[in-house]
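Engineer: What follows is a single structure, and I will ask about it in a moment.
The values are calculated or read from the model by the stated rules, or taken from the named source; none is laboratory data. None of these values were measured; they are calculated from a predicted model. Glycine gets a Cβ as well: all are built from the backbone with ideal geometry, and neighbour counts include every protein chain shown.
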Amino acid sequence: MSWIVLHYIGIISYAATGAFIALETRFSFIGVYALGFITAFGGGLIRNVIIGVPATELWEHSAILTVLITLTIIVLIPLKWIDHWRRWGLFFDSIGLASFALQGAMLASEVFSNDLGVMILAALFTGVGGGMIRDVIAGRKPLALKEEIHAILTILCALSIWLGWDSPLELTLTVLIVIIIRMSAIHYNWRLPLPCHNDERSEFRMPLNFGFLFKKVVRKSSYKNGK
């Protein structure tokens, strides 16, 4: 598995997730193509802007043709088959997350001589950028903002490239690990043990309750004074 393989795996996977969500949202076929292209190239565009690489390098004829063929196949699939996308949508999204994050880290490593900070940023925005734009356009809450596992896995990808794990076997293994962790996190609802994830949210409701009680007390005292 090399840069080219990661690139094509990423754009095909993310184009597919964009198309599936467009169909679920009942977009027209124009919307399917638009959301598919945006998802496939959105993360790479953000990455190129961050690391100073010309955005025009994304517009390779072969990549555009690959996305076009992928989206055309999805558009021609009978609509009843699309209902099965829920089973595979997150799987394709995980593949795109892993391959794009690795690709972003590899490009940043070449441009900035293995600078870990830039590699993490490039991996993060390449991995989740297209999906975030896709979800916002489709009127959904971005998965990357609901699940911290996205950011953790992109950092893991950046660290693997920084440590020199860039042989075909190591890249393939990293992709598989990311997919397994992501799917397991979704299945078992893994969350970081942070205070904001506490199921008991009484502390968040207290300001509202105190405000309500304060207004109630003021109204009662005003009513008594009026008497």
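Engineer: Looking at G52, G44, which one is within 20 Å of G104 (Cα to Cα), more than 18 Å from the chain's Cα centre (by Cα) and modelled with pLDDT of 85 or more? Steps first, answer last, please.
Structural biologist: Numbers: G44 fails: more than 18 Å from the chain's Cα centre (by Cα).
None of the other options fit; the residue is G52.
Engineer: Condition test on G164, is it on the phi > 0 side of the Ramachandran plot and either surrounded by 15 or more Cβ atoms within 10 Å (Cβ to Cβ) or free of Cβ contacts under 8 Å to residues at least 60 places away in the same chain (or both)?
Structural biologist: Details: on the phi > 0 side of the Ramachandran plot: yes; either surrounded by 15 or more Cβ atoms within 10 Å (Cβ to Cβ) or free of Cβ contacts under 8 Å to residues at least 60 places away in the same chain (or both): yes.
For G164, the condition - on the phi > 0 side of the Ramachandran plot and either surrounded by 15 or more Cβ atoms within 10 Å (Cβ to Cβ) or free of Cβ contacts under 8 Å to residues at least 60 places away in the same chain (or both) - is met.
Engineer: I'd like the full set of residues that are aliphatic (A, V, I, L, M) and free of Cβ contacts under 8 Å to residues at least 40 places away in the same chain, limited to the range 6-33.
Structural biologist: Step one: list which residues in the range 6-33 are aliphatic (A, V, I, L, M), which gives 6, 9, 11-12, 15-16, 19, 21-23, 30, 32.
Within the range 6-33, just I30 meets the criteria.
Engineer: If F100 passes every condition in (1) surrounded by fewer than 19 Cβ atoms within 10 Å (Cβ to Cβ); (2) among the aromatic types (F, W, Y); (3) in contact with a Ser or Thr (Cβ under 6 Å, 6 or more places away or on another chain) but one, which one does it miss?
Structural biologist: Single failed check for F100: (1).
Engineer: Tell me whether the range 131-139 contains one or more residues that are out of contact with any Gly (no Cβ under 9 Å at 6 or more places or on another chain), modelled with pLDDT of 90 or more and not in a helix (DSSP H, G or I).
Structural biologist: Yes, the range 131-139 contains a residue that is out of contact with any Gly (no Cβ under 9 Å at 6 or more places or on another chain), modelled with pLDDT of 90 or more and not in a helix (DSSP H, G or I).
Engineer: Taking the range 1-57 as the search range and keeping residues that are hydroxyl-bearing (S, T, Y) and not in a helix (DSSP H, G or I), which one is nearest to S99 (Cα to Cα)?
Structural biologist: Taking the candidates together, the pick is S2.
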